[in-house]
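Visitor: Below is a structure I'd like to ask you about.
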Amino acid sequence: MTAVATTEATRPRIGSRLLGVIRRSPTFAVGFTIVGSFAVLAILAPLIAPFGAIEAYPFEVLRSPDGKYLFGSDGNGMDVFSRVIYGAQYAFGIAVPAAILMLLIGVPFGLYAGYVGGLTDEILLRIMDVVRSFPSIVLALAVVAATGQSVVNVVLVIGLLDSPIFARIVRSEVLALRSSPFVEAAVAAGNPTWRILFVHLLPNAIRGATALIAVRMAWAVRISATLAFIGVGIQPPTPEWGAMIRQGAEYIISGEWWVATFPGLALVGVVLGFNLLGDGLQDLLDPKRRTAAR
Amino acid sequence: MSSSAPLVTVEGLVKHFPGPRAGQVIHAVNGVSFAMTAGETVGLVGESGSGKSTIGRAVVKLITPTSGKIVFDGQDVSKTSPQAARPLRDRMQIVFQDPYGALNPRMTVGNLIGELLKLHTELDREARAVRVREIADQVRLSAELLTRFPHELSGGQLQRVCIARAIATRPKLIVLDEPTSSLDLSVRAGILELLRDLQRDTGVAMLFISHDLDTVRLVSHRILVLYLGMVVEEGPSAKVFEHPVHPYTQSLLSAHLPPDPDERLARHVLSGEVPSAVRLPSGCPFAPRCPIAMPVCSQARPAMEMPATGHQVACVRVKDGSYRLPDSARRNVGDSVSHARG
Amino acid sequence: MSLLEVENLHTHFITRDLGNRIRVATALNGVSFAVGEGEVVGIVGETGAGKSLTAMSVIGLLPPAAKVVAGTARFAGDDLLAMSPATLNRLRGDQITLIVQSPKTSLDPLKRIGDQLVRIQKAHRAVSDDEARRNAVEMLATVGIPDPEQRARAWPHELSGGMAQRVLIAMALVNGPRLLIADEPTTGLDVTVQAQILDLLMELVQARRLAAMIITHDLGIVAHYCHRMAVMFAGRIVEQGKVADIFKRPAHPYTKALIASTPKQIAARGYAKVGGLPPNLYALPSGCHYRDRCPEAEAACTTEPPLVTVRDGQRALCHVVARGTRVQ
C-alpha cells in the first residue's frame, strides 16, 4: 500500500488532479470538453471560419457540402460551416450574460428571503412562483414581442425568467444554514444584516447554484434558439443557430438538408455539453450525492 | 451581591418558543432572576430542557425574551432586538459548544478574529493585523495558524479561535455555552486554564453554562441550578456542591460520576426523565419526580428560601429543614462493582 | 482462557484524496486485550484513538474503507476475523451483542418495539411467535420499562431517550449473549438518566455473568462501572490494568495526563501541562505515538516502546516506564 502511495505522490500534481476529476466524474470531463471546444470555436471564429458570418455569394446558393463549403451553403449563398462557427459566439453571448443576470437577481433575493423568513419570505416566494408559473416560452415570446427583437432583450428576458430558480435554490440552502452556529456567531459578533448575507451566508450557500449555472445556460441557449426559430428572437441573417434552423427548415422538403441539420447538431451539442457539465459539477461539488449514486 | 453595581441584572426572565404543533408553547425559561458583577463567573447547571442555553442567548441578545427585564452595563436591554444590539456587542460576547460549527468555514482564522476588530474598531488593516497577532498570542494560538481555514485546525485550536473572537474587543461579559463539552478531556483542561487566565488578566465576567458538574464547580464562583426553566438552587459554588439542599440538586449531584473509583457516592437515583416543557407541572417543577414531594408542592411554586447554609433554595421543605432525601433512596453502586472486582 | 482475546489487531483506512492518491490512515496499530467471563472492561481514549474501531473490527462491522490488515480476535477460542460473514452473522446479535450511542436511530422506526424484539429472536433461533413475544415482554420488564405488555406495542418515536436506550439494552440481552459491547451507551443522555441506565446495565451484566466491553470517553463511567480498563492512544492500548490501580498509580505518561485533566485533579493540583494536537493517523511518528506530546519523552522514544508489566495485571507501553521498572 505504501509503495503505491509513494509512486502516486511523485506524479505531477496537475496530472493527478485531472485524473482524479475524471475518475470521480467522467460526466464532468465529457461536458467540459464539449463546452470547452465550442468556447474555443466562438473565440477563434474569425481564424477558423473560411468565410465571414454574413458573407454571401448569390451565385452559389444551396450548394451541397463539398471541399469548399464543408457544410454546404444556404439560400443566401452563405457558408453554413462558417455560420455555425460564428453561431457559437451568439450561443455564449446569450448564455453567459443571461446566467450572470440570473445570479445577480436570483441570489440576493434567495439570500434575503431565506435569512429573514416569515412574511417577507412568503411574499418573495409567491412573487417568484408567479414568474415561474407562466410557461416560460410563452412569457418570453410575449415580452420579446412587446419590447423588440434584439439580443439585449433576449438576454434580459431569459435572465429574468430564470432568476427565481436561483433564488429558490439559494433560499433553501440559506434555510438550512440559518440556524447553524456560525450564523448565530456572526450575529453575536455584531455583523450587520448585509454582511451576514454576503460575507457569511453567500460563500456557503452558493454551491447548489454554481452547479445549476451550466444546466440553466443550456436552457438559455435552447430558449434563445426557440425564440429565433419562431421568429420573435434574433433575426436572420444573424448567424444564430435557431434562426439558421428556421431558414433551413423550408429547404428540408426540397432536399437541401444541410442548411438546417448542421446548426441543429451544433445546438444539440452545446446543450448536451452544458447539461453534462452541470450534472458533473453537481457530482463533484456534492460528494454525498456521488456516493449515493454509485 | 458585592458593593459595586452589578454588570448584568436579570429579573423574571421568561422565554416561550412555538411548540412542535400549532398552538403549543414550549416554556423554555419561566421566571429566572439573577445578577452578575464584573469579574465574576456564574455557572448555570441543568439537564436538557432546563433552559440554560436560552438564558445565555437572551443575556447576549441573540433572542428577545417574552417578558422580564435584562439590564446590561447600566442599560435596559430587555426589548433590544438582536440587530439593534449591535452597538453593545463589543461589550458582550458568546462562545458556543461546537467550535467546528461556530466558525465560517470559508474564512481564514486571521479574518475570523479580525472580523470583530473590523466591526467594532476604527483600526486600519495593518493595525488590525498587529492586534490579531496579539490576541492569537493571548489565547496561545500560534501565528502560523492565522492563514489557515477552520477545517485545518483541531477542535481545541478551533475553540481557541472562538475565544479569541470573544475577547478581541475586550468585552465585559462572555457567555460560555458548554465551551468544553465537545472537546477531548486533555484539551478541555487547556481551555479551562486559558479562561481562568483571561479572567484574571482582564476581569471579564463569565456566564458558564454546562451540564458537566465537575467543570462548573471548578470554574464558577457562584452557581444556579436550573430545572425546567426555573432556578431551584443558587449559591456559592462550594456551598451548593458540598451542601446541596434542593432535592433535585441532591439527586443530580449523586447521579454524577466523579472520575475516581475510590469516591463512594450516596445514590439517590431518580425515576423517570425531565418532563416536557410544553405542559409545565403546576407548582414546583420537580414535584412529579421528587421522592419527598408533599401535596402542597404541586399547588404553588415554592418561593426562594434561605436554609442555614446561607444560599437560596426554592423548596418548601427548607423551612422545617426536612429536605434531606431519605436513606431508603440511597444506594451504593460502587459496592457491587468493587465486590466483583475483588 | 478469556472469552474474548484480541491479539495484535491492525486496522487501516484506505482512501483516495482529491488528487486521486491513495492515503492510508493507520487507525489501529497492534491492539491486544482480553475480556473474561463476568468481567467488565472499559476502553477509554480520545477522539480518533480507535476505541469504537476496535470493537467494530472485532465484530466485523467496519465501514467500506476500513480493512483489518493483521491480528486475531478469538471469541471462545474461534477467530472472529477468520470467520465467514455468514458464521459471524450468526454470532452477532446472538452470542455477541452491541449497544450503540444513539438509541433513537438504532431502532427501526417502522416497527413496534415488541416486534423488533421478536424479530431479533427469530433471526437466531427457532422460537414460536408466542414464546418470542413472551420473552420480549419479559425482557422489557427486566430493563425496567413500566407496563411492558402495553409498551411492546409502542413505536420507537414514542419513546424518550432513556426509554429507547432501555429498549436497546433489551434487544441486546434478549438472545442471552455471552459478550456485550456498549459503545458510548449513555452519551447524550442526561446525568440523572445516565445513572439509571448504567445501574441497570451493570445489574444485568452481573446477574447474567456476561463479559462486557464499555467504550467511553468518560473516566467517571470507567471508574465506577468497570473492573479493568484499557487506555487507547493513536490506535494502541498504551496502558491496561485494574481500574483501581490505574487511577491510583497511572504509569504511562498519557494516562497520567488524562487523569490530571479531570476537573477534580485540577482543583486539587492546579493545571498540569497536558493536551496538544490529536495524532495524525496518516503520518504517525515512529516509535511511541505519544512522544510529540509527552513531557517525559527521551531519545529512546523514537524506537518501538516495550510492553512493561508495572504490577500484577497492569501493563504500559512505554520506554520511560521500562527504565523505572525493569522489563519483564
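The values are calculated or read from the model by the stated rules, or taken from the named source; none is laboratory data. Please read these numbers as outputs of a predicted model, since none were measured by experiment. Ideal geometry is used to build each Cβ from the backbone, glycine not excepted, and the neighbour counts take in all protein chains shown. Surface accessibility is based on the protein's heavy atoms, side chains included, excluding ligands, DNA and RNA. Shrake-Rupley method; radii C 1.70, N 1.55, O 1.52, S 1.80 Å.
Visitor: Once you keep just the Cα pairs under 8 angstrom separated by 6 or more residues, what percentage relative contact order results for region B:226-296?
Guide: 32 percent
Visitor: Tell me, Kirkwood radius of region B:178-270 from alpha-carbon pair distances, in Å?
Guide: Final number for the Kirkwood radius of region B:178-270 is 14.5 Å.
Visitor: May I ask which of C:LYS51/C:LYS242; B:LYS15/B:LYS79; B:LYS15/C:LYS104; B:LYS15/B:LYS319; C:LYS51/C:LYS122; C:LYS51/C:LYS104 have a Cα-Cα span longer than 24 Å here?
Guide: Going by Cα-Cα distance, B:LYS15/C:LYS104; B:LYS15/B:LYS319; C:LYS51/C:LYS122 fall outside the 24 Å limit.
Visitor: Same structure, new question: With every protein chain in place, what's the accessible area of B:SER50 (1.4 Å probe, Å², nearest 10)?
Guide: Around 0 Å² of this residue is reachable by solvent.
Visitor: Identify which of A:SER16, A:SER224, A:SER25 has the largest mean-square fluctuation in a Gaussian network model of chain A, with springs joining Cα atoms closer than 10 Å.
Guide: A:SER16
Visitor: If you take every residue apart from C:GLU298 with its C-beta less than 11 Å away from the C-beta of C:GLU298, what net charge results, scoring Lys and Arg +1 and Asp and Glu -1?
Guide: Within the 11 Å Cβ shell, the charges total +1.
Visitor: Determine the dipole magnitude for region C:47-112: charges of +1 sit on the beta-carbon of Lys and Arg, -1 on that of Asp and Glu, nothing else is charged, the reference point is the Cα centre, and the result goes in debye to the nearest 20.
Guide: Result for region C:47-112 is approximately 240 debye, rounded to the nearest 20.
Visitor: Hey, another quick one. Based on the Cα gyration tensor of region C:143-275, what are the three equivalent ellipsoid semi-axes, each the root of five times an eigenvalue, rounded to whole Å and given largest first?
Guide: Rounded to whole Å, the semi-axes are 33, 17, 12.
Visitor: For chain C, what D do you get in µm² per second when you plug the Kirkwood radius from alpha-carbon pairs into Stokes-Einstein at 37 °C and 0.692 mPa s?
Guide: Here the translational diffusion coefficient equals 156 µm²/s.
Visitor: Related question: Given q = 0.08, 0.11, 0.15, 0.16 Å⁻¹, what are the Debye log10 I(q)/I(0) values for region A:47-293, with equal point scatterers placed on the Cα positions and solvent ignored?
Guide: -0.40, -0.67, -1.00, -1.08
Visitor: Name the residue from A:ILE213, A:LEU119, B:ALA205 whose Cα lies farthest towards the positive end of the charge dipole of the protein assembly as shown, charges +1 on Cβ of Lys and Arg and -1 on Cβ of Asp and Glu.
Guide: B:ALA205
Visitor: While we're on this one: Please list log₁₀ I(q)/I(0) at q = 0.13 Å⁻¹ for chain B, using the Debye equation with identical point scatterers on the alpha-carbon positions.
Guide: Debye intensities relative to I(0), on a log10 scale: -1.04.
Visitor: Turning to a different aspect of this structure: Explain nothing, just the number: relative contact order of region C:272-328, from Cα pairs under 8 Å at least 6 residues apart, as a whole percent.
Guide: Contact order relative to length: 25 percent.
Visitor: Here is a further query. Taking the Cα centre of region A:7-85 as origin, sum charge times position over the Cβ atoms of Lys and Arg (+1) and Asp and Glu (-1), and report the length of that vector in debye to the nearest 20.
Guide: It works out to roughly 680 debye.
Visitor: Would you mind getting the Kirkwood hydrodynamic radius of region C:41-108 from its Cα pairs, rounded to one decimal in Å?
Guide: Mean inverse Cα-Cα distance, inverted, gives 13.5 Å.
Visitor: Now a separate question. Using only alpha-carbon positions, what ratio does the radius of gyration of region C:116-205 give when scaled by 2.2 N^0.38 Å?
Guide: Dividing the Cα Rg of region C:116-205 by 2.2 N^0.38 Å gives 1.07.
Visitor: Another question about this same structure. Can you find, among B:THR147, B:PRO236, B:GLY114, the residue farthest towards the positive end of the dipole of chain B? Put +1 on the C-beta of Lys and Arg, -1 on that of Asp and Glu.
Guide: Toward the positive end, the furthest listed residue is B:GLY114.
Visitor: Assign unit charges at the C-beta atoms only (+1 for Lys and Arg, -1 for Asp and Glu), then state the dipole size of region C:87-143 relative to its Cα centre in Debye, rounded to the nearest 20.
Guide: Magnitude of the dipole: close to 180 debye.
Visitor: Can you give me the solvent accessible area of A:PHE198 with a 1.4 Å probe, rounded to the nearest 10 Å²?
Guide: About 90 Å², ignoring ligands and nucleic acids.
Visitor: Also, I was wondering about something else. Beyond 23 Å, how much of the Cα-Cα pair distribution for region C:209-313 remains, as a whole percent?
Guide: 32 percent
Visitor: Straight-line reach from C:LYS273: which aspartates and glutamates fall under 14 Å, measuring Cα to Cα and dropping same-chain residues less than 8 apart?
Guide: Counting by Cα, and skipping residues close in sequence, C:LYS273 has these aspartates and glutamates nearby: B:GLU193, C:ASP292, C:GLU296.
Visitor: Not counting ligands, DNA or RNA, and with a 1.4 Å probe, what is B:LEU176's accessible surface area in Å² rounded to the nearest 10?
Guide: Accessible surface of B:LEU176 is approximately 0 Å².
Visitor: Viscosity 0.692 mPa s, temperature 37 °C: give me the Stokes-Einstein translational D for region C:11-80 in µm²/s, with Rh taken as the Kirkwood radius over C-alpha pairs.
Guide: 242 µm²/s
Visitor: Given an 8 Å cut-off on Cα distances and at least 6 residues of separation, report the relative contact order of chain C as a percent.
Guide: RCO, chain C: 20 percent.
Visitor: Another one. When only the heavy atoms of the protein chains count and the probe is 1.4 Å, how do C:VAL24, A:VAL116, C:VAL40 rank by accessible area, highest first?
Guide: So the residues, ranked largest to smallest area, are A:VAL116, C:VAL24, C:VAL40.
Visitor: Between beta-carbons, use under 14 Å as the cut-off and find the net charge around B:SER50, counting Lys and Arg +1, Asp and Glu -1.
Guide: Its environment carries a net charge of -4.
Visitor: Continuing with this model, one more query. Do me a favour and compute the ellipsoid semi-axes for region C:11-51 from its Cα gyration tensor, root of five times each eigenvalue, largest one first, whole Å.
Guide: In descending order the semi-axes read 32, 11, 7 Å.
Visitor: Treating only the Cα positions of the protein assembly as shown as identical point scatterers, give the base-10 log of I(q)/I(0) from the Debye formula at each q in 0.10 Å⁻¹.
Guide: Relative scattering, expressed as log10 I(q)/I(0), comes to -1.29.
Visitor: Work out from phi, with θ = phi - 60° and the Karplus expression 6.51 cos²θ - 1.76 cosθ + 1.60, the ³J(HN,Hα) of each residue of region B:70-84, listed in order in whole Hz, and give x for Gly and Pro.
Guide: Using θ = phi - 60°, the values come out as 10, 10, 10, 6, x, 10, 6, 10, 3, 9, 5, 7, x, 6, 5 Hz.
Visitor: Cα axis of helix B:155-167 to longest principal axis of chain B: angle in degrees, 0 to 90, nearest 10?
Guide: Relative to chain B, helix B:155-167 is tipped by roughly 80 degrees.
Visitor: Of B:LYS61/B:LYS118; B:LYS52/B:LYS239; B:LYS118/B:LYS239, which sit over 32 Å apart, Cα to Cα?
Guide: Too far apart for the 32 Å limit: B:LYS118/B:LYS239.
Visitor: Here's something else I'd like to know. Starting at the first residue of region B:282-295, write each ³J(HN,Hα) from the Karplus equation 6.51 cos²θ - 1.76 cosθ + 1.60 with θ = phi - 60°, in whole Hz, x for Gly and Pro.
Guide: Rounded to whole hertz, the list is 6, x, 5, x, 8, 3, x, 9, 6, x, 10, 5, 10, x.
Visitor: C:ILE237: net charge of surrounding residues, Cβ under 14 Å, Lys/Arg +1, Asp/Glu -1, itself excluded?
Guide: That sum, taken over residues with Cβ under 14 Å, equals 0.
Visitor: Sticking with this structure for a sec: Can you run phi through the Karplus equation (6.51, -1.76, 1.60; θ = phi - 60°) for region B:204-212 and list ³J(HN,Hα) in whole Hz, with x for Gly and Pro?
Guide: In residue order, the calculated couplings are 6, 8, 10, 9, 9, 9, 6, 9, 8 Hz.
Visitor: Now, a different point. Return the long-range amide H neighbours of C:MET232 (sequence gap of 5 or more, or a different chain), with a cut-off of under 5 Å between placed amide H atoms.
Guide: Counting only residues 5 or more places away or on other chains, the set is C:VAL44, C:GLY45, C:VAL238.
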